[in-house]
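A short worksheet on the structure shown next.
Taken together, the values in this text are just the output of simple stated rules run on the coordinates, not laboratory data. All values reported here derive from a predicted model rather than from experimental measurement. Don't worry about glycine lacking a Cβ; one is built from the backbone with ideal geometry, like all the others, and counts go over all protein chains shown.
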Amino acid sequence: MTTCQLCGQDSIEPKELYAKDYLSNEVFSLTQCPHCQCMMTRLPSAEQKHDYYGKDYYNSSAGKFTFVLEKIFRLNHAHNAKYFHTHFPSDRILEIGCGRGYLLRELKRLGSTVHCLESADAADWILDNQEVQVATLSDQQDQLWPFPDSFFQLTIFWHVLEHLPNPTTSLQQAYRCLESGGTLCVSVPNISSLQAKMNLTTWFHLDVPRHLIHFSQEGLIALLEKQGFEIIKITAGDRMQNLFGWLQSIANLLTPGHINSFYRFIQGGQPLRGAHLPSLVFQLLACWMWIPLGCLGFLVEEIFHSYGTVTVYATKKNVATFQEEQEK
Ligand SMILES: [Zn+2]
């Protein structure tokens, strides 16, 4: 029996659900909070813990994917940047975990001052990005972010909150560093989506143990509201990720022992070299089946608004108003 670190509900019964990491082949158990429906990955003790973000995950400094896909990925970020620029024009923007900095570079080009906060353990080529101001936070340090109060107008967690060991603390820091009325954007995989429910343990976006928290849409909204944010908009997340989630998750049903082989194929490089060859060949040969089925799933998701990834936009409530509400 444990307490839910997100909604604070006591007495969570561990759910008998296990999922295998497609990179390390280690099996992890998941617990689900019956109240907010979010799930948590149970990690082994610190001594047993390995580095789950190796070269198989990041590939190389040239990118996570092959050249053409990396280009598409970059165009997708340029599209996202334009959306932010049009709907939430901001002078100072913070992104938590910016990776290769594609989104921030575009926002900088559009005229904003951009900052990134990264783990001090991130790869050198992430921390040495000359185009983006990268601040670091050590896992062992105090979790106080190195920015003044009310400094940013827009703070973005783009597929990052699910990787953080303590999302509540991170959101409290985001609240502190955001100006009153500023915008918070959180995009995460949605565990309450149709594609997740199809077969959770082989779902592409489950990605244990790198994803520590698996948010339901309702659970994320409740968490943001509890930390002083007012929800202003909920959208379909990243449609490229939604579609790929369907395609790869259906392909995974064919080879449940070795998942994400097709994903490794399109990454190329080190991830491809580590792929299980028979599973990869089987997934490739069966593409005539999972491509149309995946597209169909994507359309169904669009019709029922149950998206594989979801983006929530929220605004920081006035501090005095929030404190008053807390005291009631
Ligand atoms: Zn909960």
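Amide H to amide H, which residues 5 or more places from VAL160 or on other chains are under 5 Å from it, using H placed in the peptide plane?
Correct list: SER187.
Could you pull out the pairs from LYS108/LYS316; LYS197/LYS316; LYS108/LYS233; LYS197/LYS233 whose alpha carbons sit more than 28 Å apart here?
LYS197/LYS316
Which of the helices in the chain, when you take each full DSSP H run, stretch at least 18 Å along the axis at their Cα atoms and have an average Kyte-Doolittle score of -1.0 or higher?
67-87, 239-254, 287-304
Pick out, from HIS85, CYS4, GLN37, the residue whose Cα sits farthest towards the positive end of the charge dipole of the chain, with +1 on the Cβ of Lys and Arg and -1 on the Cβ of Asp and Glu.
The Cα lying farthest towards the positive end belongs to HIS85.
Which length gain, in nm to one decimal place, applies between MET240 and GLU218 when the Cα-Cα distance is subtracted from 0.36 nm times their residue separation?
Working it through step by step, the gained length comes to 5.7 nm.
Rounded to the nearest 0.05, what FRET efficiency do GLN326 and GLN143 have when you use their Cβ-Cβ distance and R0 = 22 Å?
The formula returns an efficiency of 0.60 here.
Counting only C-alpha contacts under 8 Å and six or more residues apart, can you give the relative contact order of the chain as a whole percent?
19
When the Karplus curve 6.51 cos²θ - 1.76 cosθ + 1.60 is applied with θ = phi - 60°, which whole-Hz ³J(HN,Hα) does each residue of region 181-195 get, with x for Gly and Pro?
Taking θ as phi minus 60°, the curve returns x, x, 10, 10, 10, 10, 10, 9, x, 10, 6, 8, 7, 5, 5 Hz for region 181-195.
R0 = 45 Å: FRET efficiency of VAL68 with GLN172, Cβ-based, nearest 0.05?
0.65
Using a Gaussian network model of the chain with C-alpha springs under 10 Å, which one of CYS295, CYS116, CYS177 is most mobile by mean-square fluctuation?
CYS295
Under 10 °C and 1.306 mPa s, how fast does the chain diffuse according to Stokes-Einstein, given a Kirkwood radius computed over C-alpha pairs? Answer in µm²/s, whole number.
D, rounded to a whole number, is 77 µm²/s.
Would you kindly state how much longer the chain becomes between GLU225 and ASN76 on full extension, computed as 0.36 nm times their sequence separation minus their alpha carbon distance, in nm to one decimal?
Extra length from GLU225 to ASN76 when fully extended: 50.8 nm.
Calculate the spin-label point distance for ARG273 paired with LEU127, positioning each point 7 Å from the Cα along the beta-carbon direction, and give it in nanometres.
2.4
Rank PHE157, PHE67, PHE204 by mean-square fluctuation in a GNM of the chain with C-alpha springs under 10 angstrom and give only the top-ranked residue.
PHE67
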